[in-house]
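All of the numbers you see were taken from the coordinates with simple rules; none came from a lab. As the structure is a computational prediction, the values presented were derived from the model and not from experiment. No Cβ is skipped: glycine too gets one built from the backbone with ideal geometry, and neighbour counts run over all protein chains shown.
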Amino acid sequence: MRRGNMTRVICSVNTCTHYLNEDVCGAAAIDIMHEEEGRMSALAEQTMCKTFHEASGITSYLGSIDNVNWTGALLKMAGSNHQANPQIDCTVASCHYWEEGRGCAASVIEVSGCQANECQDTNCKTFKLREGGTRL
Ligand code: SF4
Ligand code: SF4
């Protein structure tokens, strides 16, 4: 089962507790999902990063502490060239890059949503509708 862990994640959601400088995500794993339950995404705007957790003081960081890629995040903060990168778990089966086993075949994905307040404000910008994608 491929789980998209070879895919690089670039994220500009600077209001997320997992956001690290230079648009790196410090989470151990992220869930990319359809924005609306039961409705297949046809556009990037209809996808979201469900792992988004709004940064609003120290308690918000404690709330997402169980999903931190500690090695990657600490090396990154220490200025190491090591690239923190989360594993991707994606349920957006209408996407051209989606693979069985909730994987992503893209070499890199971009998560957008600068100044987001909630998951729905974020998108997988790399989403591309597969042929017949919303009829799955
Ligand atoms: S929005 Fe998602 S991809 Fe971006 S930093 Fe937060 S958890 Fe990572
Ligand atoms: S590019 Fe497609 S398959 Fe990959 S994470 Fe984004 S929506 Fe999912």
Considering amide H positions built from the backbone, and no H for Pro or chain starts, which residues 5 or more places from ILE109, or on another chain, come under 5 Å of its amide H?
-> ARG8, VAL9, ILE10
Label model pair ASN117, ASN21: point-to-point distance (7 angstrom along the Cα→beta-carbon line) in nm is 2.9
Cα shape, the range 53-100, gyration tensor, a/c 1.5 rule = oblate
So which lysines can LYS50 reach, going by Cα to Cα under 18 Å and dropping same-chain residues fewer than 8 places off?
-> LYS125
Between THR47 and residues 5 or more places away or on another chain, which pairs have amide H atoms under 5 Å apart, with H built 1.01 Å from N, and which residues are they?
-> GLU35, CYS124
Listed with the fewest Cβ neighbours within 10 Å leading, LEU74, LEU43 appear as LEU43, LEU74
Between the residues GLY113, PHE127, THR15, the Cα farthest towards the positive end of the dipole of the chain, that dipole coming from +1 and -1 charges on the beta-carbon of Lys, Arg, Asp and Glu, is from PHE127
Charge dipole (debye, nearest 20) of the chain; +1 at Cβ of Lys and Arg, -1 at Cβ of Asp and Glu | 400
DSSP bridge pairs, the range 8-135: antiparallel proportion in percent, nearest 5 = 60
Mind checking Rg over Rh on the range 8-135, alpha carbons, Kirkwood formula for Rh?
-> 0.98
Using alpha-carbon positions, the gyration tensor of the range 79-136 gives root eigenvalues a ≥ b ≥ c; with a/c under 1.5 called rounded, otherwise prolate if a/b exceeds b/c, else oblate, the class is oblate
Quickly estimate the mean residue ellipticity at 222 nm for the chain, helices only: each DSSP H run with n ≥ 4 gives -39500 (n - 2.57), and the total goes over all residues, rounded to 500.
-> -2500 deg cm²/dmol
